[in-house]
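The structure under discussion appears below in the form of C-alpha cells.
The values are calculated or read from the model by the stated rules, or taken from the named source; none is laboratory data. For clarity, every value in this text was computed on a predicted model and none was experimentally measured. Neighbour counts run over all protein chains shown; Cβ positions are idealised from the backbone, glycine included. Heads up: the accessible areas ignore ligands, DNA and RNA and are worked out on the full protein's heavy atoms, side chains in. Shrake-Rupley method; radii C 1.70, N 1.55, O 1.52, S 1.80 Å.
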Amino acid sequence: MYGKILIEFQLKVLTGMHIGGSDAFSAIGAVDKPVIRDPLTNEPILPGSSLKGKMRTLLARAICQNILKMPDFSSDDAVVKRLFGCAGGDTCIHTRLQFSDAFVCNQSEFSAIGLTEVKAENSINRSTSIANPRQIERVNRGVRFAVTIAYDVVNEAEIEEDFEAISRAMKLLQYDYLGGHGTRGYGRVGFEALQLTPLECPIAPERLEGLRNTLQKGCDQLEFQRL
C-alpha cells in the first residue's frame, strides 16, 4: 500500500514565541530581534523546518537517553531516520514526514493589539553592572498557526509504530519550547483541532480513528499550559 495521510492541527502559542528573522538591515531604534514573517502578508509564520527540527531532536534525545552526547544523524534510531530522513553515512533514507510552513489562522482575534509584541530585556555585565538593553519581538500568546504534515505510507506494518513516535515527539514538544529563549519562558505551545485525512490511501476508518487517538495523546496538555 502507498499513499499519504494528512495530519492537520492548530498550534497554539501559550507564551510569547520568538522564531527569528533577519535583522541585517534594521534601522537605529528598530527591534533588535524581529520574528520571521511572510513577505506577502507581513504576518509571522512558523517555518516547517523549525517544527521538524525540534520534534526530531526531542525524539532522538528521548530514545538515546543521553542529552550530553547526542548521536550523529546517521546513528539515530531507525524510526527517527525513516520519519525525518537521513543523508549521512553510507545510506540515504527518504523522510516519511513533509512539514509545510504554517500560517496564522486567527488573525481577526488580534485586530486590536496585533499578532506580535516587543519585549524589552537587559543583560547585565557582572563586573561593571552596566545594562545592555535589547528588544525582542514575540508572537503573542493565543495566536494559532494552521499546521499541515504529510505522512508517506511506505510500509503498512510500520504505520502504528510511526504514529506512536510522532505522538511522542508532539508530547515532548509541549513540555519543552519552540523557537529561541525557551529557558526564559518563551515558546510554550499546545496542539488542538487534530484531523487526519487519507489521500490515495485505502485505510479502514476504524484504523484511521486509532491513529488519530494515538496522536491525540500527544496533544493532551497539563492544565497549567492552557490559556
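Ser111 meets the conditions (1) surrounded by fewer than 16 Cβ atoms within 10 Å (Cβ to Cβ); (2) within 21 Å of Asp38 (Cβ to Cβ); (3) touching a strand residue (DSSP E or B) at 6+ places or on another chain (Cβ under 7 Å); (4) not aliphatic (A, V, I, L, M) in every case but one. The failed one is (3).
Looking at the stretch 78-103, which of its residues are part of a loop (DSSP other than H, G, I, E, B) and either within 29 Å of Lys12 (Cβ to Cβ) or touching a Lys or Arg at 6+ places or on another chain (Cβ under 7 Å) (or both)? Within the stretch 78-103, Gly85, Thr95, Arg96, Ser100, Asp101 meet the criteria.
Each row is one residue, and each column tells you yes or no for (1) closer than 24 Å to Ser49 by Cα; (2) surrounded by 15 or more Cβ atoms within 10 Å (Cβ to Cβ); (3) among the aromatic types (Phe, Trp, Tyr).
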position: Ala87; (1), (2), (3): yes, no, no
position: Phe99; (1), (2), (3): yes, yes, yes
position: Phe103; (1), (2), (3): yes, yes, yes
position: Gln107; (1), (2), (3): yes, no, no
position: Glu121; (1), (2), (3): no, no, no
position: Thr128; (1), (2), (3): no, no, no
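Only one of these is surrounded by 13 or more Cβ atoms within 10 Å (Cβ to Cβ), part of a helix (DSSP H, G or I) and out of contact with any helix residue (DSSP H, G or I) (no Cβ under 7 Å at 6 or more places or on another chain): Gly210, Gly218, Gly180, Gly187. Name it. From the options Gly210, Gly218, Gly180, Gly187, the qualifying one is Gly210. Of the set (1) in contact with a Gly (Cβ under 9 Å, 6 or more places away or on another chain); (2) outside any helix (DSSP H, G or I), all apply to Ile67 but (1). Reported count of residues in the stretch 160-177, each being farther than 21 Å from Ile45 by Cβ and open to solvent by 40 Å² or more (accessible area, probe 1.4 Å), is 7. Considering the conditions (1) of a type in the set (Gly, Ala, Ser); (2) open to solvent by 10 Å² or more (accessible area, probe 1.4 Å); (3) closer than 21 Å to Gly16 by Cα; (4) without any contact (Cβ under 8 Å) to a residue 24 or more places away in the chain, Ala157 is excluded by exactly one of them, (3).
Under the condition of being out of contact with any helix residue (DSSP H, G or I) (no Cβ under 8 Å at 6 or more places or on another chain) and under 17 Å from Cys86 (Cα atoms), which residue from the stretch 62-72 is most open to solvent (accessible area, probe 1.4 Å)? Ranking the candidates gives Asp72 first.
Within the set Ala150, Ala146, Ala165, the sole residue that is assigned to a strand (DSSP E or B), more than 14 Å from the chain's Cα centre (by Cα), at pLDDT 95 or above and under 18 Å from Leu97 (Cβ atoms) turns out to be Ala150.
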